[in-house]
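The values are calculated or read from the model by the stated rules, or taken from the named source; none is laboratory data. The model shown is predicted, which means the values in this text are computed figures rather than measured ones. Cβ coordinates were reconstructed from backbone atoms using ideal geometry, including for glycine residues, and neighbour counts include every protein chain displayed. Ligands, DNA and RNA are stripped out before the accessible areas are found, and what is left, the full protein with its side chains, is counted by its heavy atoms. Shrake-Rupley method; radii C 1.70, N 1.55, O 1.52, S 1.80 Å.
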Amino acid sequence: MKKVFPVNLSAILTALGGRHAMQQLLDVGPSAISNYLTRGQLPQRAKPIIYAALTAKGYQLRPDDLEIIAGPAAITPHTVSAENHAGPRILLIIAGGIAAYKALEVARQLQQLGAHVTGVMTDSAKQFITPLSLAALTGEKCYDSLFSLTDEAEMGHIRLARSADLVLVVPATASFMARANAGIADDLATTILLATTAKVVMAPAMNPVMWAHQATQSNFASLRQRGVEMIGPVSGDTACGEEGEGRMCEPAMIAAAAMRLIPTYAARDEADKDSGAGTSRSLSGKHILITSGPTIEPIDKVRFIANRSSGKQGHAIATALANRGANVTLVSGPVTEPAPANVTLVNVTTAAEMLAACDAALPADIAICAAAVADWRVKAAADEKLKKPENPDAGMTLELCQNPDILATLSAAPNRPKLVIGFAAETENLLENAAAKRRRKGCDWIIANQVGGEDDPVFGSALNQAMLLTSDSVEEWPRMQKTELAEKLADQIEAEYSS
Ligand code: PMT
């Protein structure tokens, strides 16, 4: 059972600036706050918002129970203001879609990557989140009106537009993209798009049918042709309950992709990485995509098909490669392994989501598929819990269909990573099966490990024993820690790139 931590709500209320501030931050009424105080608990969705708001104010908190450990420290809105912040300046425009709430997480992730974020919200965005939530997170005023005299006196829209190294629109709705494409400047956000000289990046999000509509597709293509960079969308469940293309990319992915699109930042990041004293930065500048962990495929609302992968091997590889300076995107199924440092982690559940996240992470120099992806999913997963038949002798049949093969898809992609590495988890005929799998899936190398043994099933274990198969060689590796195997693989990749 999930552990519930009691929360010191009065300390949090004081730090936030009172009940009214918390109401506005969480977009709830006064009775909700009274409820939280009576129960001494916060709803789950409130915790990351409060954590981010107080961290932005300079407090140090424990993430699980929001206990205030120290603060407010030196990070105040003044010290992180655009004028004296060393990181790139990002103008984050939030348009009005259900995914607007995810823009708060994008702001937080950008700040963690060292950016200074200034928020701008459209009127429709304010139907979903409040400007105060964004202001509390960024430690700076959130701009929302073209005609506010104060804003014009403090910072006119031209100055606002020109002060940014990058303008990022999250979520880019169908309507926002249409107005941006037509050059309509009828509010602060669209006026900024016309007035800025910085790169504009959009993360589209909408219903799959709206996304597929010719008008949207034509706006999308035309904006791209004019130099607007697009991050996503990807396929998956959308907020309106329909499945298909139109789902916004995960916040961590958007933040990492946006940072990569700032030329000065990318250059400085490389220089910083290259100067890493005492550590090898041999893979600096390489974008490496790694899959890890299991995928989980629903049967009904409460049951699922899964496997025993713990993510230990994939996560160890991510750590080893990030330590060598690579820019790692780790797409992981549900695991309890801690997130490796200095990687962009994208959490997914199903194989379809994993494929969409991998697709969105391209281009990459190298792809490594260590995930145990479910080969099948239930063709029509039930929306409610399936009932057991009354008759105790009655059987139960689930119709399964095949999941997409992520490794094979990456190997055949038009923007295929230069080096694609798969794993083969076999219970018999390891060498033959792995060699056949390498050829069938079109990857360059395959790491073959014998799984399911009684002494060590490899799944979930700290140890692994493997062979590395290329098109013309087989190298047998002794049994070792998964972390050591990860270093050995990193050595091979380094050797490949230095030769
Ligand atoms: O996570 P751990 O507990 O540390 O365990 C590590 C591991 C055993 C999971 C790992 O070492 C491993 O072998 N990963 C691959 C597991 C697997 O699904 O193997 P496979 O032989 O079924 O698939 C072959 C390759 O195709 C793999 O690279 C797999 O990621 C990929 N695949 C498979 C099916 C699918 N639909 N899409 C894929 O991309």
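Worth pointing out:
- Per residue, the average separation of C-alpha pairs within less than 8 Å and at least 6 apart gives the chain a relative contact order of 9 percent.
- Rg over Rh, two decimals, the chain (C-alpha only, Kirkwood Rh): 0.99
- Cα-based shape type of the range 89-260, given that a ≥ b ≥ c are square roots of the gyration tensor eigenvalues and the cut on a/c is 1.5: prolate
- Of Lys102/Lys482; Lys47/Lys301; Lys312/Lys441; Lys102/Lys441; Lys418/Lys488; Lys102/Lys199, pairs whose Cα-Cα distance is over 28 Å: Lys102/Lys482; Lys102/Lys441
- Per residue, the chain reaches -11000 deg cm²/dmol at 222 nm when only DSSP H runs of four or more residues are counted, each adding -39500 (n - 2.57).
- Per residue, the solvent-accessible area of the chain (1.4 Å probe, heavy atoms of protein chains only, all protein chains present) comes to 48 Å².
- Taking trypsin sites (Lys or Arg not before Pro) in DSSP loop states with no more than 15 other Cβ atoms inside 10 Å as exposed sites, the chain has its longest site-free stretch at 46-225.
- Pairs of Cα atoms farther than 17 Å apart, the range 386-483, %: 62 percent
- Other-chain or far-sequence residues with amide H under 5 Å of Ala172's (modelled H): Ala203, Ala205
- For the range 326-372, the direction-averaged projected area of the alpha-carbon convex hull comes to 3.4 nm².
- Computed E for Gln402/Ser499 - FRET, C-beta separation, R0 51 angstrom, nearest 0.05: 0.85
- Linear extension gain, Lys387 paired with Thr197, 0.36 nm per residue minus alpha-carbon span: 62.5 nm
- Each residue of the range 296-308 was assigned a 3J(HN,Hα) from its phi angle through the Karplus expression (A = 6.51, B = -1.76, C = 1.60, θ = phi - 60°), giving 10, 10, x, 9, 8, 5, 10, 10, 8, 9, 9, 9, 8 Hz with x at Gly and Pro.
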